[in-house]
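The values are calculated or read from the model by the stated rules, or taken from the named source; none is laboratory data. In this text the structure is predicted, and so the values were computed from the model without any measurement. FYI the Cβ positions are ideal-geometry reconstructions off the backbone, even for glycines, and counts take in every protein chain you see.
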Amino acid sequence: MLLYPGDPVQVLLGGDVVVTGYVDDFTPALSSGAHSIAISGRGKCQDLVDCSHFFNGCQMTNITPLAMAIQLATPYGIDVVSDVGAGEVVPVWQLPWGETPYNILEPVARNSQMLVYENPDGSLRLSQSMRVSAGVRYPVVAEGINIESITMRWSMAQRFSQYIGRSLPMDTMSDMGVGTDVVAVVNDPGVPRLRVRSIIAETGDTSDFQITKARANWEAVRRAGRSTQATVTVDSWRDDAGNLWQPNTLVTLVAPTVHVPRVNWLISEVAYRRDETGTHADLTLMPPEAFAVQPINLFPTMRDIVAGAAKGGG
């Protein structure tokens, strides 16, 4: 049976669904001594990324990220689930005609520290990156057990020793350095020399610069997390409990030969392969901090007024 562009498709590994969506491309090819057929596609949530929203109106009021996701996804036949509740109520949000559901939803979800991604069954998921919990045993990725190859990368290229959150001073000729315009200072002890990055407060930040402070902390945490990455090939699509390796799940990485004695990191990407050498999974691993959600200023003007109206207006 052939699959053609637009056909629904579901990909399974054993009895586990990994993708539910539609065929994008059908590419048959013929050359001397060879005939091949290639099919590529994406999950159902591609319609939330590609298409314009189909909501009956251009504004939502007193809406949570979960409720917004449901209203945006339902016209495209996509279910929505949340691991982290409904999220923070947003007093009002504009929906420009032509904008995609994902671009509308993502900043509102980010305001509630939510990640937005697709489940294997094609549903839209609101979640958070997993955090390490004391006493919990995670699937093991270890040399001498299931690692076939591993490449480690440590980088200092995008890290800074100090992140300084600054308000906008009126005196542009004032002396440089830590002055009255400084609202937050976050240090990264892993950077061995002076490397300073200033975070300028956005118009509409709260009166005590909560967003700027959160941004300075996020810059330090996320950049430190992203500076470390392991690319690992393991000998199976599944962990020792028989579960498929999946993104946004924690594993314990043990690879002392490449200077990783034992860490609990998050899977960011998985590629399942089967070729003449057998079955393999390629995993990209990073510290959980690499996936910290960026703080956002939803209301760049009159934020305090909007927040106060939301509390008082009911």
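How many of the residues making up segment 233-244 are of a type in the set (D, E) and surrounded by fewer than 18 Cβ atoms within 10 Å (Cβ to Cβ)?
Selection size over segment 233-244: 2.
Need the failing condition index for D275 against (1) closer than 29 Å to L13 by Cβ; (2) modelled with pLDDT of 95 or more, just the number.
Answer for D275: the failing condition is (2).
Kindly indicate whether S236 is at pLDDT 95 or above, assigned to a loop (DSSP other than H, G, I, E, B) and not assigned by TED's automatic domain parsing to the domain that holds R110.
Yes; evaluated as a whole, the condition is true for this residue.
Report, by residue number, each residue of segment 141-153 that is in contact with an Asp or Glu (Cβ under 6 Å, 6 or more places away or on another chain) and either buried (at least 17 other Cβ atoms within 10 Å of the Cβ) or in a loop (DSSP other than H, G, I, E, B) (or both).
N146
Out of segment 196-219, which residues are crowded, with 20+ Cβ neighbours inside 10 Å and not hydrophobic (A, V, I, L, M, F, W, C)?
Within segment 196-219, D205, T212, K213, R215, E219 qualify.
If you check G98, G85, G15, G33, which single one turns out to be touching a residue at least 24 places away in the same chain (Cβ under 8 Å), outside the structural domain of W237 (by TED's automatic domain parsing) and not hydrophobic (A, V, I, L, M, F, W, C)?
Answer to the check: G98.
Which of the residues belonging to segment 179-199 are of a type in the set (V, I, T) and under 24 Å from the mean Cα position of the chain (by Cα)?
V186, I199
Exactly one of (1) surrounded by fewer than 20 Cβ atoms within 10 Å (Cβ to Cβ); (2) more than 20 Å from the chain's Cα centre (by Cα) is unmet by A86. Its number?
Here A86 clears every test but (2).
Any idea which residue in segment 28-39 is farthest from E99 (Cα to Cα), counting only those that are touching a strand residue (DSSP E or B) at 6+ places or on another chain (Cβ under 7 Å) and modelled with pLDDT under 95?
Looking at residues that are touching a strand residue (DSSP E or B) at 6+ places or on another chain (Cβ under 7 Å) and modelled with pLDDT under 95, I get S36.
Of all residues in segment 115-135, count the ones that are part of a loop (DSSP other than H, G, I, E, B), on the phi < 0 side of the Ramachandran plot and in contact with a Ser or Thr (Cβ under 7 Å, 6 or more places away or on another chain).
Total meeting the criteria: 3.
Given (1) within 18 Å of P120 (Cβ to Cβ); (2) surrounded by 11 or more Cβ atoms within 10 Å (Cβ to Cβ); (3) not basic (K, R), where does P101 come up short, assuming only one miss?
(1)
From S40, S31, S52, grab the single residue that is among the hydroxyl-bearing types (S, T, Y) and surrounded by fewer than 10 Cβ atoms within 10 Å (Cβ to Cβ).
S31
Listed here are the residues, each with its yes/no results for (1) under 26 Å from V270 (Cα atoms); (2) over 28 Å from the mean Cα position of the chain (by Cα).
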position: L3; (1), (2): yes, yes
position: G6; (1), (2): yes, no
position: Q10; (1), (2): yes, no
position: V23; (1), (2): yes, no
position: T27; (1), (2): yes, yes
position: A34; (1), (2): no, yes
position: S40; (1), (2): yes, no
position: D50; (1), (2): yes, no
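Identify, from the list Y163, Y138, the residue that is touching a strand residue (DSSP E or B) at 6+ places or on another chain (Cβ under 6 Å), of a type outside the set (D, E), in a loop (DSSP other than H, G, I, E, B) and modelled with pLDDT of 95 or more.
Among Y163, Y138, only Y138 is touching a strand residue (DSSP E or B) at 6+ places or on another chain (Cβ under 6 Å), of a type outside the set (D, E), in a loop (DSSP other than H, G, I, E, B) and modelled with pLDDT of 95 or more.
In segment 245-284, which residues are surrounded by 17 or more Cβ atoms within 10 Å (Cβ to Cβ) and either over 25 Å from the mean Cα position of the chain (by Cα) or more than 19 Å from G225 (Cα to Cα) (or both)?
Scanning segment 245-284 gives W245, A255, H280, A281.
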